[in-house]
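Since the structure comes first, as structure tokens, the remarks are kept for the end.
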Amino acid sequence: MTPQPGRTVPDERREALRQRLGELGFDEVRFAAVDGGKNSSLRDWFDAGHQADMHWMERTADKRMNPDLVLAGAQSVILLGVNYRGGEKQAGSKENPRWARYVLHADYHDTIQSGLAAAGGVIEEMTGASGTDYRYYVDTGPVLERGWAARSGMGFRGKNGMLISKKHGNWLFLAAILTRLPITPDEPLRKNPNATTPDEPAGLLCGKCTRCLDACPTAAFPRPGVVDARRCISYHTIENKGIIPRELRRGIGDRIYGCDVCLEVCPWNRFAREGRRMLLSARDDIATLGLAEILGLTPVRFAEVFKGTAIKRLKLIGLLRNACVVAGNTGGADMLPLLLSLAAHESPVVRAHAVWAVRRIAGEVEAGHVLAQARMRETDEAVLAEYVT
């Protein structure tokens, strides 16, 4: 007899469900119980201002901490992981800026979403649940995927704040399915087998290692397991839509979109293998884009190159801003004509970072000469501030 919502899914059916979902392309399939436990760490994070201007996260805080507000009667969470580890990490160069690994694919929100839709069909087929008995999300809804993934034993919360898998290292996309089905949960990883709290502290299996904390170019970790978005390169090159603080720009180096430093240095990555990519579509061509080409992008060309990728959400203005910062850190005199052109761009955000880059490359005296006309026309206070040391 097929189990119905409200009746516990037998363990043998649970394992069959795990196998079926894995066959869809999910490299990890784990289960956690919605036990109503409250964790104050998220609220503490908000209270400290570590979310920067991501106010949308704070508006959904109650839902993030209480799945019942997302799906009334939720009893279980199915955690799904997709390994996105590709080949060797990018070396970075003056010609080619560095991108976060995850973005070198067609937009994972779209490709994994198709796998989640298929997973919903499997759940209905195997358990008798209806389409209203579950909801799924891939990094888009008010669900704390990392916390639930740690509770399910998929991995543990590292000192870098990321989920670290003993099998896949730091390279997992996470998705979650909330369901009203009672499913026996998987055991979390435990340092203390007699622990009674549902959540282990950050760095459960990190030992004394602090490589991620020490390697961060902008000192974005106030303490292990806590990321201050106000200092994080990923936040400033993706989520921040305005001016990147001047004191952080040199730390960005050649990173044009996101940052993998605290992931790449983790020793647990030695166990990771290249992913199956059943639910991913590689866009390795993005990594070959030259910095000069990016600085010269038009709206039409931007749309052509980044169609179907997560980068399109950054929009051209954001990418040009980031490219100016990279040019200021790595570029030579050959970049000056492009940067001078961007110093007259219609967006003050682009102009501000172009002026900074010109001053970095040309030096204050020469920059004063080549930027003279642009400065005479400038009226935006934020841009004018970039002309001052």
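The values are calculated or read from the model by the stated rules, or taken from the named source; none is laboratory data. What you are looking at is a predicted structure, and each value in this text was computed from that prediction instead of being measured. No Cβ is skipped: glycine too gets one built from the backbone with ideal geometry, and neighbour counts run over all protein chains shown. To get the accessible areas, we keep the full protein, side chains included, count just its heavy atoms, and leave off ligands, DNA and RNA. Shrake-Rupley method; radii C 1.70, N 1.55, O 1.52, S 1.80 Å.
Identify, from the list Ala323, Ala352, the residue that is part of a helix (DSSP H, G or I), among the small types (Gly, Ala, Ser), farther than 30 Å from Leu213 by Cβ and touching a residue at least 60 places away in the same chain (Cβ under 8 Å).
Ala352
For the range 125-134, does any single residue satisfy the condition of being closer than 19 Å to Asn170 by Cα and not in a helix (DSSP H, G or I)?
no
Taking the range 13-71, which residues are touching a helix residue (DSSP H, G or I) at 6+ places or on another chain (Cβ under 8 Å), surrounded by 13 or more Cβ atoms within 10 Å (Cβ to Cβ), over 15 Å from Thr179 (Cα atoms) and among the small types (Gly, Ala, Ser)?
Result: Ala16, Gly25, Ala52, Ala61.
Just the residues that are in contact with a strand residue (DSSP E or B) (Cβ under 9 Å, 6 or more places away or on another chain), open to solvent by less than 40 Å² (accessible area, probe 1.4 Å), within 26 Å of Thr8 (Cα to Cα) and of a type outside the set (D, E, K, R), please, taken from the range 105-136.
Those that are in contact with a strand residue (DSSP E or B) (Cβ under 9 Å, 6 or more places away or on another chain), open to solvent by less than 40 Å² (accessible area, probe 1.4 Å), within 26 Å of Thr8 (Cα to Cα) and of a type outside the set (D, E, K, R): Gly115, Leu116, Ala119, Gly120, Ile123, Met126, Thr127, Ala129, Tyr134.
Identify all residues within the range 26-85 that are part of a helix (DSSP H, G or I) and not hydrophobic (A, V, I, L, M, F, W, C); write none if there are none.
Residues satisfying the conditions are Ser41, Arg43, Asp44, Asp47, His55, Glu58, Arg59, Asp62, Lys63, Arg64, Pro67, Asp68.
When you scan the range 323-330, do you find a residue that is among the polar types (S, T, N, Q) and over 19 Å from Asp254 (Cα atoms), even just one?
Within the range 323-330, not a single residue is among the polar types (S, T, N, Q) and over 19 Å from Asp254 (Cα atoms).
Against the condition of a type in the set (Val, Ile, Thr), touching a strand residue (DSSP E or B) at 6+ places or on another chain (Cβ under 9 Å), closer than 23 Å to Pro67 by Cα and surrounded by 20 or more Cβ atoms within 10 Å (Cβ to Cβ), how does Val143 come out, does it pass?
Taking the combined requirement at face value, the residue satisfies it.
Identify the residue in the range 231-268 that is surrounded by fewer than 19 Cβ atoms within 10 Å (Cβ to Cβ) and basic (Lys, Arg) and, among all such residues, is nearest to the chain's Cα centre (by Cα).
Residue satisfying both the conditions and the ranking: Lys241.
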